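**Student:** Below is a structure I'd like to ask you about.
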Amino acid sequence: MPSLPQTSTPAPNTQAPSRRAFLRIAGGGVVLAASAAGVAAFTLGAGIPPEAVQAWNGPSADEADPRRWALSYALLAPHSHNLQSWIADLSEPAAITLRCDLQRLLPETDPQSRQIMMSHGGFIELLVMAAAARGQRAEVTWFPQGEFDAQRIDTRPVAHVRLHPQAGISPDPLFAQVLRRHTNRLPYAPQAPGAEAIRAILAELNAPGMRGGVVTQPASLPAHRALAREAWRIEMVTPAAVMESTRWLRVGPREIAQHRDGLSINQPMLRVINAVGLLDRSKPPAPDGSVVARQLADFDELIAATPAFLWLVSQAAGRGAQIAAGRAYVRAQLAATAQGLHMHPLSQALQEYPQQAEPYRQAHALMGAREGEVVQMWARLGQGPAIGPSPRRGLAALLA
Ligand SMILES: Cc1cc2nc3c(=O)[nH]c(=O)nc-3n(C[C@H](O)[C@H](O)[C@H](O)COP(=O)(O)O)c2cc1C
């Protein structure tokens with residue numbers, strides 16, 4: 001999945017710079033793509049509309065329904081392309097049925113909806129933590145009407161959650177990080193994460209059925225960097241992949257506030273160009289043109305400013321493994337947040353569309369995945385500049 005700028009207050013989280021805009025100006029074929037430095041400068045200075053990030057204030061203090069309270073935290077989970085494909089049905093007392101919004105998928109770059117399932121795993125993980133913080137034990141039944149097949153997901157529930165009040169239930173220490181966790185796509189400081197931080201992250205990645213690692217050795221970094229760059233290049237020159245991301249672009253405060261999802265771009269120049277109707281989102285930039293060249297150069301800079309890579313392999317394929325991977329990933333990201341570290345997924349080489357077949361093979365070899373195992377996550381890890389939250393649609397948008 002490609003990457004573009006995304007924004008907010010106090011230091012907005014743009015889908016930048018590896019979520020850079022593939023933007024053309026109508027008639028001229030000129031595209032503006034901010035440099036990493038440009039995005040950082042802008043994001044420190046300006047905000048996205050407060051209503052777009054209102055959800056990050058958490059539920060209101062007088063929320064009486066523990067389900068709604070817990071859901072208000074769950075919807076802060078990371079989601080591929082910030083699609084927020086979660087639908088929560090509260091029609092059964094004391095229970096939540098989670099389904100996937102089939103209008104919010106990425107059929108080109110996530111053809112089997114693997115990343116969508118991971119995003120649902122992360123959602124339930126935060127839901128369980130929030131419920132515990134509210135004195136409720138969450139009893140989760142996954143795929144209560146049967147598991148989706150390997151190729152496609154459908155309208156059957158992903159999970160059924162029943163809440164039981166439980167006096168003295170232990171809070172999850174990671175819950176304190178939920179409002180502070182943000183995907184950080186800016187350059188990271190050169191220092192590798194310390195041993196204690198890596199231990200804390202690995203403790204979450206190495207969940208049952210999962211194996212995780214953090215790569216910091218200088219001799220190992222070039223192979224990760226080279227693969228990330230090549231997979232990114234392929235994504236940039238694959239028109240269907242680029243156009244899929246373009247569909248989820250939200251440019252400027254009006255679009256960001258209206259949708260509160262997707263890949264937000266709030267750079268002043270792009271806003272002006274968009275406002276006067278000159279932004280052309282109807283076709284991708286030429287693969288051999290200056291726009292793609294600039295995006296590749298920016299991505300190179302970003303990858304160079306990466307002192308560590310994190311990987312997560314599931315020992316099996318299938319929907320259960322994808323859910324478990326999403327849970328482990330969000331927990332690892334929360335653990336990193338507690339250590340003052342940031343993460344930025346690099347999904348391109350893990351994606352199942354044909355153009356990525358060779359990077360996919362290489363990623364599985366590089367991360368030591370054996371026959372039958374799946375690399376579910378690969379991410380930059382390090383200490384980035386402070387960054388704010390990305391938009392959320394809020395609870396009402398999720399309720400069936
Ligand atoms: C399964 C999965 C895959 C993701 N892949 C990418 C990616 O390739 N590049 C990227 O910049 N962000 C990626 N993300 C991060 C999302 O874009 C991010 O979670 C979303 O925009 C919301 O922002 P937040 O995490 O700051 O709340 C991924 C997230 C998940 C859960």
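**Student:** What is the Cα centroid distance between region 251-282 and region 146-207, reported in whole angstrom?
**Tutor:** Result: 31 Å between the Cα centres.
**Student:** Using the Cβ atoms and a cut-off under 12 Å, what net charge is assigned to the surroundings of residue 256, where Lys and Arg are +1 and Asp and Glu are -1?
**Tutor:** Summing Lys and Arg as +1 and Asp and Glu as -1 gives +3.
**Student:** Compare the peptides 100-106, 125-131 by average per-residue count of other Cβ atoms within 10 angstrom and give them in order, highest first.
**Tutor:** 125-131, 100-106
**Student:** Still on this model: Quick check for me: using +1 on Lys/Arg Cβ and -1 on Asp/Glu Cβ, what's the dipole size of region 155-261 about its Cα centre, in debye to the nearest 20?
**Tutor:** Dipole of region 155-261, to the nearest 20 debye: 180 debye.
**Student:** May I ask you to derive the FRET efficiency for residue 61 and residue 254 from their Cβ-Cβ distance with R0 = 25 Å, giving the value to the nearest 0.05?
**Tutor:** 0.25
**Student:** Let me check I have the definition right: for region 228-325, take the eigenvalues of the Cα gyration tensor, multiply each by 5, take square roots. What are those semi-axes in whole Å, largest first?
**Tutor:** Ellipsoid half-lengths, sorted descending, are 29, 20, 15 Å.
**Student:** Starting at the first residue of region 325-341, write each ³J(HN,Hα) from the Karplus equation 6.51 cos²θ - 1.76 cosθ + 1.60 with θ = phi - 60°, in whole Hz, x for Gly and Pro.
**Tutor:** 5, x, 5, 5, 5, 5, 5, 5, 5, 5, 4, 5, 4, 4, 8, x, 10
**Student:** Across region 206-216, in residue order, what do the Karplus-derived ³J(HN,Hα) couplings come to in whole Hz, using 6.51 cos²θ - 1.76 cosθ + 1.60 with θ = phi - 60° and x for Gly and Pro?
**Tutor:** Coupling constants for region 206-216: 7, 6, x, x, 10, 9, x, x, 10, 9, 10 Hz.
**Student:** Which of the trypsin sites (Lys or Arg not before Pro) found in region 146-232 are loop residues per DSSP with 14 or fewer other Cβ atoms within 10 Å of their Cβ?
**Tutor:** Here the trypsin sites (Lys or Arg not before Pro) that fit, given the DSSP loop and packing criteria, are 152, 180.
**Student:** Using the Cα centre of the chain as the reference point, and only Cβ charges (+1 on K/R, -1 on D/E), how large is the resulting charge dipole? Debye, rounded to the nearest 20.
**Tutor:** Using Cβ point charges on Lys, Arg, Asp and Glu, the chain gives about 400 debye.
**Student:** Under a plain spin-label model, where a point goes 7 Å from the Cα along Cα-to-Cβ, how far apart in nm are residue 370 and residue 240?
**Tutor:** Here the answer is 3.4 nm between the modelled labels.
**Student:** Continuing with the same structure: Bin width 10 Å, origin at 0, all Cα-Cα pairs of region 58-175: what percent of pairs per bin?
**Tutor:** 14, 45, 31, 10, 1
**Student:** What residues have an amide H closer than 5 Å to that of residue 316, excluding those fewer than 5 places away on the same chain, when H is modeled at 1.01 Å from N in the peptide plane?
**Tutor:** When sequence neighbours closer than 5 places are left aside, the close amide H contacts are 374.
**Student:** Debye sum, Cα scatterers, region 296-391, no solvent: what log₁₀ I/I(0) at q = 0.11, 0.12, 0.13 1/Å?
**Tutor:** At q = 0.11, 0.12, 0.13 Å⁻¹ the computed log10 ratios are -0.36, -0.43, -0.51.
**Student:** Note down, for region 105-261, the three equivalent ellipsoid semi-axes (square root of 5 times each alpha carbon gyration tensor eigenvalue), biggest first, whole angstrom.
**Tutor:** Result for region 105-261: semi-axes of 30, 25, 18 Å.
**Student:** If you don't mind, another one. If you rank 72, 113, 60, 290 by fewest surrounding Cβ atoms within 10 Å, what's the result?
**Tutor:** The order, fewest Cβ neighbours first, is 60, 290, 72, 113.
**Student:** Which log10 I(q)/I(0) values does the chain give at q = 0.11, 0.12 Å⁻¹ under the Debye formula, counting every alpha carbon as one identical point scatterer?
**Tutor:** So the normalised log intensities are -0.75, -0.90.
**Student:** How large is ³J(HN,Hα) for each residue in region 104-120, as worked out from phi by the Karplus curve 6.51 cos²θ - 1.76 cosθ + 1.60 (θ = phi - 60°), to whole Hz, x for Gly and Pro?
**Tutor:** So the Karplus estimates, Gly and Pro as x, are 10, 10, 10, x, 6, 9, 9, x, 9, 6, 5, 5, 5, 5, 4, 5, 6 Hz.
Any read-out appearing in this document is the output of simple, stated calculations on the displayed coordinates, not a laboratory observation. This one's a predicted model, so the numbers in the text were calculated from it and none came from an experiment. Virtual Cβ from ideal backbone geometry, glycine too; neighbours counted across all protein chains shown.
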